[in-house]
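Visitor: First, the structure itself, so that you have it in front of you.
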Amino acid sequence: MIDPTTWEFKLRAGVKFHDGSALTASDVAFSIRRAQSITGVRTYRHYLKDIAEITPVDDRTVRIKTFGPAALLLSNLSTLGIVSQRTVESASSDDIGSARPANGTGPYRWAGFIPSQQVNLERNDAYWGEKEPYWREKEPWRR
């Protein structure tokens, strides 16, 4: 915290999305703004209501200003997934609904998806953290 209403976050160096592009502060700011603006029955807006402004300071630094002291900001931010701005902006609504543009930074990446039926994941060998030593592919989740 810089002051009671200003938080600054440094992103881990070398984190890449599954398509090989770098995770940047602009992706984080875009993801938060996007989540604040999405309407519907199930959104993340409630968790982000304290955020007044998000500023990418440089490629790896994000500054967040809140309307007032926000003791739960860290917890609330943990509910949100960060997306690639480039991937989401180039995707249609149908693409997003089908998970075709799934492009995360985690230890597993989408290998296949059948809406309401099945999700297939495979290990992301470019993951920045510890690799799962035993599973190259996860068993498909099925309904």
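Just so it is clear, none of the values below were taken in a lab; they were calculated from the coordinates. Source: prediction; values computed, not measured. As a convention, Cβ positions derive from the backbone with ideal geometry for all residues, glycine included, and neighbour counts pool all protein chains shown.
Visitor: Assuming 0.36 nm per residue, please report the length gained on full extension of the stretch E89 to S116 beyond their Cα-Cα distance.
Guide: Stretched fully, the E89-S116 segment lengthens by 7.3 nm.
Visitor: Now a separate question. Test of understanding: extend the Cα→C-beta vector of R45 to 7 Å, then name every residue of the stretch 77-93 with backbone N under 20 Å from that spot.
Guide: Flagged as within label range: 77-83, 93.
Visitor: What's the magnitude of the charge dipole for the chain around its Cα centre, counting Lys and Arg as +1 and Asp and Glu as -1 at the beta-carbon? Answer in Debye, nearest 20.
Guide: That gives a dipole near 280 debye.
Visitor: How fast does the chain diffuse by Stokes-Einstein, in µm²/s, taking the Kirkwood radius from C-alpha pairs at 4 °C and 1.567 mPa s?
Guide: Value of D from the Cα-based Kirkwood radius: 78 µm²/s.
Visitor: With a 10 Å Cβ neighbour count serving as the proxy for reagent exposure, in which order, fewest first, do E122, E130 appear?
Guide: Fewest-to-most Cβ neighbours within 10 Å comes out as E130, E122.
Visitor: Please give every one of the lysines within straight-line cross-link reach of K131, meaning a C-alpha to C-alpha distance under 16 Å, and leave out same-chain neighbours fewer than 8 residues apart.
Guide: Of all the lysines, those that pass the test against K131 - Cα under 16 Å, at least 8 places apart if same chain - are K16.
Visitor: Expressed as a rounded percentage, what relative contact order does the stretch 1-121 have, with Cα pairs under 8 Å and six or more residues apart?
Guide: After rounding, I find 27 percent.
Visitor: Among G104, F17, Y44, which residue has its Cα furthest toward the positive end of the charge dipole of the chain, with +1 on Lys/Arg Cβ and -1 on Asp/Glu Cβ?
Guide: The one lying farthest along the dipole's positive direction is Y44.
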